[in-house]
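Down below is the structure, laid out as structure tokens.
The values are calculated or read from the model by the stated rules, or taken from the named source; none is laboratory data. The structure presented is a predicted model; accordingly, all values stated were derived computationally and were not measured. Note that each Cβ is placed from the backbone with ideal geometry, even for glycine, and that neighbours are counted across all protein chains shown.
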Amino acid sequence: MKALKAIFLTAVLVLTRYLPVYYNSSEFSYFVRQEAARTQSESQLKQLLLQKATAYSLPVKESDISIKRTDDVLQVTVDYRVPVNLIVCNPELKFHVTGGGLLPAIR
């Protein structure tokens with residue numbers, strides 16, 4: 001019975017540490033895709049992504065964000081790691097987010 005309680009408590013600890021990270025990363029991923037599709041300025045996009053990452057408590061740095069412009073296509077890639085404190089160990093979760101959009105044609 002004690003072993004079952006220990007397993008249950010361990011599962012609860014792991015879930016309470018991992019779920020918020022995955023939820024916030026999912027929301028951030030959605031934001032990246034939406035903003036990449038509608039933005040027109042690379043510097044403005046980078047600042048928006050950094051602000052939103054901070055709002056979601058994600059440790060995204062400016063160096064984690066890569067913005068490439070090819071003709072009329074803007075592609076954004078964000079690679080970041082989130083440490084998870086599990087008391088006994090501290091694993092890092094790796095995330096890779098991409099988004100893209102068409103830039104307005106210059107006439």
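Candidates in the range 82-96 are the residues that are free of Cβ contacts under 8 Å to residues at least 60 places away in the same chain and under 14 Å from Asn24 (Cα atoms); of these, the one that is surrounded by the most Cβ atoms within 10 Å (Cβ to Cβ) is Pro83.
When the residues of the range 37-58 are narrowed to those that are at pLDDT 95 or above and among the hydroxyl-bearing types (Ser, Thr, Tyr), which ends up surrounded by the most Cβ atoms within 10 Å (Cβ to Cβ)? Top of the filtered list is Tyr56.
Residue by residue, here is whether (1) among the small types (Gly, Ala, Ser); (2) in contact with a Gly (Cβ under 8 Å, 6 or more places away or on another chain); (3) under 17 Å from Asn24 (Cα atoms) holds:
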position: Leu50; (1), (2), (3): no, no, yes
position: Leu58; (1), (2), (3): no, no, yes
position: Ile67; (1), (2), (3): no, no, no
position: Thr70; (1), (2), (3): no, no, no
position: Leu74; (1), (2), (3): no, yes, no
position: Tyr80; (1), (2), (3): no, no, yes
position: Thr98; (1), (2), (3): no, no, yes
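For Gln34, the criteria (1) of a type outside the set (D, E, K, R); (2) part of a strand (DSSP E or B); (3) surrounded by 12 or more Cβ atoms within 10 Å (Cβ to Cβ) hold in every case but one, which is (2). Please tell me if Leu48 is in a helix (DSSP H, G or I) and hydrophobic (A, V, I, L, M, F, W, C). Spelling it out, Leu48 is indeed in a helix (DSSP H, G or I) and hydrophobic (A, V, I, L, M, F, W, C).
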